[in-house]
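Heads up: the structure comes next, in structure tokens.
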Amino acid sequence: MEITTHDLMTVLHGMGFGALFMLAFSGALVELYRLSAPGAPSAMSAGGQTLLGLYLVAMVILAWLTVFSGTYVIYPWYRAVPPEGVTDLADYPRRLLLSSGKTSEWHNVGMEWKEHVGWLAPIAMTMVAYVTMKYGRAIIQHRNMRISVLGFAVAAFVATGIGGAFGAFLNKYAPIRGGDVIILMQEEGP
């Protein structure tokens with residue numbers, strides 16, 4: 001059983017950092033909604049506030065790891081330019097997608113989303129974590145602020161979900177291959 005370094009980094013980017021970030025939204029959105037819901041309790045315990053802050057900081061770290069690994073590790077492999085005369089574009093995902101009218105929109109829409117809108121998620125989650133931690137339990141007194149924080153969290157969730165779906169489809173049509181081979185298990189001889 002083996003995997004290449006490019007495959008491993010792609011899995012770490014999407015299924016590691018990205019998927020964990022998406023999973024973390026369930027707890028964050030529930031807690032942020034609980035704070036902004038009509039009839040919300042007038043006070044949050046100090047321990048609850050600390051836990052929410054740590055949870056949001058972990059989400060921010062996952063969001064930035066996802067975007068940085070995608071932008072500075074995976075994306076250069078995606079944009080690799082084939083040498084003159086190469087006709088097999090399997091190792092050049094961007095060129096492979098753009099070589100056919102049937103797949104070019106995966107680059108034009110999907111990768112453009114990942115390149116530009118994908119940055120919205122870590123920026124929005126950084127704002128959510130900062131405001132929540134700065135105002136602490138006092139955020140409960142500012143309904144519009146709570147609703148805005150929840151709105152930014154939802155926007156980050158939607159941007160991440162769409163980016164993740166595009167990433168999965170792009171990797172299906174034009175996977176990033178190459179790099180050194182890592183042998184995970186070897187077949188034992190007789």
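The values are calculated or read from the model by the stated rules, or taken from the named source; none is laboratory data. Just so it is clear, the model here is predicted, and its values are computed rather than measured. Using ideal geometry, Cβ is built from the backbone for each residue, glycine included, and neighbour counts are taken over all protein chains shown. Quick note on the areas: whole protein, heavy atoms, side chains included, nothing else; ligands and nucleic acids left out. Shrake-Rupley method; radii C 1.70, N 1.55, O 1.52, S 1.80 Å.
Within the range 150-181, the set of residues being touching a Leu at 6+ places or on another chain (Cβ under 6 Å) and more than 30 Å from residue 80 (Cα to Cα) comprises 150, 153. Within the range 62-97, being among the aliphatic types (A, V, I, L, M) and either open to solvent by less than 70 Å² (accessible area, probe 1.4 Å) or within 28 Å of residue 125 (Cβ to Cβ) (or both) holds for 62, 63, 65, 67, 73, 74, 80, 86, 89, 90, 96, 97.
So, of the residues in the range 112-134 that are farther than 15 Å from residue 18 by Cα and of a type in the set (Val, Ile, Thr), which turns out to be modelled with the highest pLDDT? Only one residue fits best here, namely 126. Would you pick out the residues in the range 162-190 that are open to solvent by 30 Å² or more (accessible area, probe 1.4 Å), assigned to a helix (DSSP H, G or I) and in contact with a helix residue (DSSP H, G or I) (Cβ under 8 Å, 6 or more places away or on another chain)? 162, 164, 166, 168, 169, 171, 173, listed by residue number.
For the range 114-125, check the following and say yes or no: at least one residue is open to solvent by less than 40 Å² (accessible area, probe 1.4 Å), closer than 17 Å to residue 69 by Cβ and without any contact (Cβ under 8 Å) to a residue 60 or more places away in the chain. Taking every residue of the range 114-125 in turn, at least one turns out to be open to solvent by less than 40 Å² (accessible area, probe 1.4 Å), closer than 17 Å to residue 69 by Cβ and without any contact (Cβ under 8 Å) to a residue 60 or more places away in the chain.
The residue pairs whose first member lies in the range 141-163 and is within 13 Å of residue 119 (Cα to Cα) and without any contact (Cβ under 8 Å) to a residue 24 or more places away in the chain, whose second member is hydroxyl-bearing (Ser, Thr, Tyr) and open to solvent by less than 50 Å² (accessible area, probe 1.4 Å), and whose beta carbons are closer than 7 Å, counting only pairs six or more residues apart or on different chains, do not exist in this structure. When both residues are 6+ apart or on different chains and their Cβ atoms are under 8 Å apart, which pairs have a first residue that lies in the range 89-100 and is in contact (Cβ under 8 Å) with a residue 12 or more places away in the chain, and a second that is of a type in the set (S, T, N, Q) and surrounded by fewer than 20 Cβ atoms within 10 Å (Cβ to Cβ)? Within 8 Å, the pairs are 96/103; 97/103; 97/104.
If you go through the range 55-97 and pick out every residue that is touching a Pro at 6+ places or on another chain (Cβ under 8 Å) and either modelled with pLDDT of 95 or more or in a helix (DSSP H, G or I) (or both), you end up with 9.
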